[in-house]
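Have a look at the structure below, then the notes.
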Amino acid sequence: MRVAALEPLTDPALAPEPDTGLDALTVGRRIRYHRGVRGWTLAQLGEAVGTAQSQLSQVENGKREPRLSLVAAVARALEVTPADLLDPAPPPSRRAALEIELDRAQRSPLARALGLTEVRAGRALPTDALEALVRLHRELARRHDAANATPEEARRANTEIRLLMRGSDNHLPEIEELAEDLVRAAGYTVGALTHRQVARMAADLGFSIIHVEDLPHSTRTVTDLAHGRIYLPPASIPGGHGLRSLALQAVGHRVLGHERPASYTQFLRQRLEINYFAASCLLPRSAAVEFLSAAKADKDLAVEDFRDAFGVTHEAAAHRLTNLLTSHLGIPVHFLRVGDDGALYRGYENDGVPFPQDASGAIEGQPVCRRWTARTVFEVRNRTTENYQYTDTPAGTFWCSSQTGVGDDGGFSITVGVPYAHAKWFRGRDTRVRARSTCPEGDCCRRPPADLVRRWADAAWPSARLHAQTLAPLPSGRFPGVDDREVYTFLASHAPVEGDAGAGDQA
């Protein structure tokens, strides 16, 4: 087999060498910048270093990576150090930074796919025109990403994260350790974490907590990194987000070292981590495990007791159980949040319960069997306490405890369940309520009886209600769902002035 000979390079200084890890475009722009400072043309620099002008042009435009010997020669000629040319830090001028960004954008797969004509960012191109081109490419990239950020992507990301968490029994020990250390440093010993202790945790990180009534509608909280302030709403968010939890989530971004998410998966992962951090602070591992172990010994585990002991919402207590029951008490468990329309909004399991899934494995938005506790609880008249039920499924029998609540989007139920063999540890294990579910078989609860089909098949025409999220793409911005302009306007209006003592600060 013959291999075509490679065309030799015209200049030995530009011959290939092992990858140095250099950013050729940044190195090239630094060479151009220092050449401009000295007032030299490409021809003058080429003569000084013994390299053709055309070859230096390719180097400056980032189309070829120079050998280190050429970099050293250029540095001597321009009376700078090689480090000045190889510095990976941002370019030495705004103009150079814009030129690099435009070059990279024009070489991107998106630009090639659109068939855009390449514009040379030479000196003849005015800086304002250069900036306009860069902004246009940014907007093209943003719109492309937004168009691809569909509900399907969100479901795939949710499924990926859910499976990862199931593999770790929904337990993140690194965050557990971090939260435990921080709450102890704030003076926590036992019981509910106080607002004062949350404020001290924020203060230890250089932040004060301020409650305002004009937060941007697309945010839960806003953190002013420049002035060390965390802005919270004046009251808890209906449906389960208390003020302590909101403050701890904002703190979590800082202590976990989060940066701007580059993808929706990363955004969701960050959201999971700050929620986990907040729960680990509100129900610290050592105190929570001690409480749960004592309740298990008495065969009296109950979500409502766990909730009341630490002063959190029923949902927070239920979800925290999924972090600790398997990892510390050896009990497999599942958790569901189901809307009063029967749709599954959030779920976790490591006990084999058969969650409804679509073809991609996603569970969000799927209809829960009408015979599951998460649905039957809405038919119970007395919902002041937990309701218990055994459910026979194709995967086995499960015992579940459900409680209902009301949020901005309507009613919902919170359910915690375990396999039959582990029901012995829980209050409510003696319930006589029992149901049988064969879902996903259609005859279970989705398909009407044959006589009704015969009676109404040709005599009824329902008009389906379309959920808005079915067609809507994911929101765009620095962070999914956040209106940047609204946030920046808010921060500008709340920025402290000279002499501001931080009036309005409170826990």
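The values are calculated or read from the model by the stated rules, or taken from the named source; none is laboratory data. Just so you know, these numbers come straight off a predicted model, no measurement behind them. Reconstructed Cβ throughout: ideal geometry from the backbone, glycine too, with neighbour counts over all protein chains shown. Please note that ligands, DNA and RNA were not included when accessible areas were found on the heavy atoms of the full protein model with its side chains. Shrake-Rupley method; radii C 1.70, N 1.55, O 1.52, S 1.80 Å.
With r as the distance between the Cβ atoms of L86 and T127 and R0 = 30 Å, compute the FRET efficiency 1/(1 + (r/R0)^6) and round to 0.05.
0.70
Can you give the log10 of the normalised intensity I(q)/I(0) at q = 0.10, 0.12, 0.17, 0.21 Å⁻¹, computed with Debye over equal Cα scatterers of the stretch 243-340?
-0.31, -0.44, -0.81, -1.10
Quote to one decimal, in nm, the extra length available between E118 and A48 on full extension: 0.36 nm per residue of separation minus the C-alpha distance between them.
Going from the current span to full extension adds 22.1 nm.
With each pseudo-label sitting 7 Å past Cα toward Cβ, what's the V380-H195 distance in nm, one decimal?
So the label points at V380 and H195 sit 3.2 nm apart.
Where does the chain land on the Kirkwood hydrodynamic radius, alpha-carbon pairs, in angstrom?
27.7
Can you run phi through the Karplus equation (6.51, -1.76, 1.60; θ = phi - 60°) for the stretch 353-359 and list ³J(HN,Hα) in whole Hz, with x for Gly and Pro?
The phi angles translate into 4, x, 5, x, 9, 8, 5 Hz.
Defining a contact as two alpha carbons under 8 Å apart and six or more residues distant in sequence, what relative contact order in percent does the stretch 152-230 show?
Answer for the stretch 152-230 is 17 percent.
In whole angstrom, and with the biggest value first, how far do the Cα coordinates of the stretch 139-217 range along each principal axis?
48, 40, 19
Of all accessible surface on the chain at a 1.4 Å probe, what whole percent is carbon and sulfur?
53
According to a simple spin-label model (label point 7 Å from Cα along Cα-to-Cβ), what is the distance in nm between R38 and L452?
8.6
For the chain, with every protein chain kept in place, what is the accessible area per residue (1.4 Å probe, Å²)?
Accessible area per residue: 53 Å².
With r defined as the distance between the Cβ atoms of A421 and A492 and R0 fixed at 60 Å, what FRET efficiency is calculated, to the nearest 0.05?
That pair, A421 with A492, gives E of 0.55.
Any idea what Rg and Dmax come out to for the stretch 44-185 if you just take the C-alpha atoms, in Å?
23.6, 68
Can you tell me how much longer the chain between A294 and H144 gets when fully stretched, taken as 0.36 nm per residue apart minus their C-alpha distance, in nm with one decimal?
That works out to 48.6 nm of additional length.
Listed highest first by mean packing, meaning other Cβ atoms within 10 Å per residue, what order do 278-284, 387-393, 437-443 come in?
Those peptides, ordered most packed to least, come out 278-284, 387-393, 437-443.
What three numbers, in Å, describe the spread of the alpha carbons of the stretch 328-436 along their principal axes, ordered from the longest?
Computed over the stretch 328-436, the largest-to-smallest principal extents equal 36, 35, 29 Å.
With contacts defined as alpha carbon pairs under 8 Å and 6 or more residues apart, what's the relative contact order of the chain in percent?
Contact order relative to length: 13 percent.
Can you compute 3J(HN,Hα) from phi for each residue in the stretch 210-221, using the Karplus curve 6.51 cos²θ - 1.76 cosθ + 1.60 with θ = phi - 60°, rounded to whole Hz and x for Gly and Pro?
10, 9, 9, 9, 10, 4, x, 5, 8, 10, 8, 9
Which residues' amide hydrogens lie under 5 Å from the amide hydrogen of F426, considering only partners 5 or more residues apart or on another chain, with H built in the peptide plane?
Close amide H contacts, sequence-distant or interchain: L301.
Can you put L68, L25, L42 in order of accessible area, largest first, using a 1.4 Å probe?
My answer, sorted largest first, is L68, L42, L25.
Using 0.36 nm per residue, how much length does the chain from L205 to A459 gain when fully extended, once their Cα-Cα distance is taken away?
That pair, L205 and A459, stretches by 84.8 nm at full extension.
Considering the convex hull of the alpha carbon atoms of the stretch 155-272, report its projected area averaged over all viewing directions, in nm², one decimal.
Averaged projected area of the stretch 155-272's Cα convex hull equals 8.6 nm².
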